[in-house]
Amino acid sequence: MTSPSDTMSDTLLDPPANPARALSTTRPFFWSVRRELWENRSIFIAPLVAAGVVIVGFTLSAIGMPHRRLATLALPPEQQTSLVAQPYESAAIAIMLIMALVGMFYSLGALHNERRDRSILFWKSLPVSDRTTVLSKIAVPLLVIPPITFVTVLVTQLVILIESSLILMTNGVPALAPGAPNPVVQTIVFLYGLVTLTLWQAPVYGWLLVVSGWARRSPFLWAVLPPLAICVIEKLAFNTAHFAHLLGSRIGGGSSEGFTRLPHGTAKDAPIPVFGLDQLDPGRFFTSPGLWLGLAFTAACVAAAVWLRRRREPS
C-alpha cells in the first residue's frame, strides 16, 4: 500500500516531463537559428552598411535643406507631408530592399552551401533533425530579418531627424512643419507594411530554399530560368503575361492587397506616397486567397526542402 509521503517523494524526484519535453523540442531549433546567424554575418552587416549609405546620402543632400524647407512651408499642408516625409520614406524603402535581397540570397544558398563545403556531414552527425534544420533556415528571412530591418530603419530615421533638426535650427528655420507626418502613425504603418511584405514574399523564399536543396551547381540559374521560361512560353503561346504579373506582385510585396488606395495630395516633387492609418486594410489582406495560397505553397516548399536535405549527398 502506497503512503502519501511516498507519492510526494516520487513526485519531487520525478517531476512532470512536460516542461522538459517542451524545452528539449524548442532548444535545437533556437540553437539552429543561432548557428545560421553565426555563419551568415551579412544578416547583421548588410543593414549597417545600408543605414550608413543612407545617412551619408542624406548628409550630402542636406546642403540646401534650409532653402528647400522654406519653399516647402509655403505649400499646402498635405503637400508638406509628402515632402517632409520623403527622406524617411526613402530610407525605409532602401533598407527594406537591401534586406529583402539579403533574405533571398541567404535562402538560395542555405542548403546548397552546406553541401558544397561538405559541412552537412558534420551537422548531420548532431542530434538535430532535418526538419528542425530546414525550419531554422526558413525562419531567418521570415522571423529574424524583419525585426532587424525594423530596428535599423527606426534608428536610421532617428539619426535623420536629429541631423535635419540641427541643420534647420542653426539656420533659423523651423524644424517642424505644420504638415509633418505623425512619427507614431508612420511607425505603425511601417510595421504593418513590413509584416505584409514578409508574408507576401514568403513563397519566394520557399522556392529559393527548394532550389538551394535541389541544385548541384549554379542555384541562381535554376531559380531564375524556370520562372523565366514559363513567362516566355505563356507570352508566345497565349500573348498574356499573367505569370509575370504574379511574380512581380510577389517580389514587389503586395502593397495593393495590404493598402486600400494611394494617399491624396502627394506633391509632384515627392514620388514616394505617405500612407496613413486610413490606407491600411488588414482585413482584406489577411482574408486574401492569394496570401493563404502563397503560405500553403511556402509550406509545401519547406516540406520538399526537408525531403531533399534528407536524401541529397554533398556536391
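Compared with the direct C-alpha span, the chain from residue 68 to residue 187 gains 40.3 nm at full extension, assuming 0.36 nm per residue.
Once the Cβ-Cβ distance of residue 166 and residue 277 is raised to the sixth power relative to R0 = 25 Å, the FRET efficiency obtained is 0.25. Using only Cα atoms, locate the centre of segment 30-58 and the centre of segment 287-302, then give the distance between them in Å, rounded to an integer. Each part reduced to its Cα centre gives a spacing of 27 Å. Note on residue 129 and residue 116: the extension gain reaches 2.7 nm, defined as 0.36 nm multiplied by sequence separation minus the Cα-Cα distance. Using a probe of 1.4 angstrom and keeping all protein chains present, the accessible surface of segment 181-267 works out to 54 square angstrom per residue. Near the amide H of residue 280, within less than 5 Å, lie the amide hydrogens of 260, all on another chain or at least 5 residues away, with H placed in the peptide plane.
The values are calculated or read from the model by the stated rules, or taken from the named source; none is laboratory data. As the structure is a computational prediction, the values presented were derived from the model and not from experiment. In this analysis, Cβ positions are derived from the backbone assuming ideal geometry, glycine residues included, and neighbour counts consider all displayed protein chains. Just the protein is used for accessible areas: all its heavy atoms, side chains included, with ligands, DNA and RNA removed. Shrake-Rupley method; radii C 1.70, N 1.55, O 1.52, S 1.80 Å.
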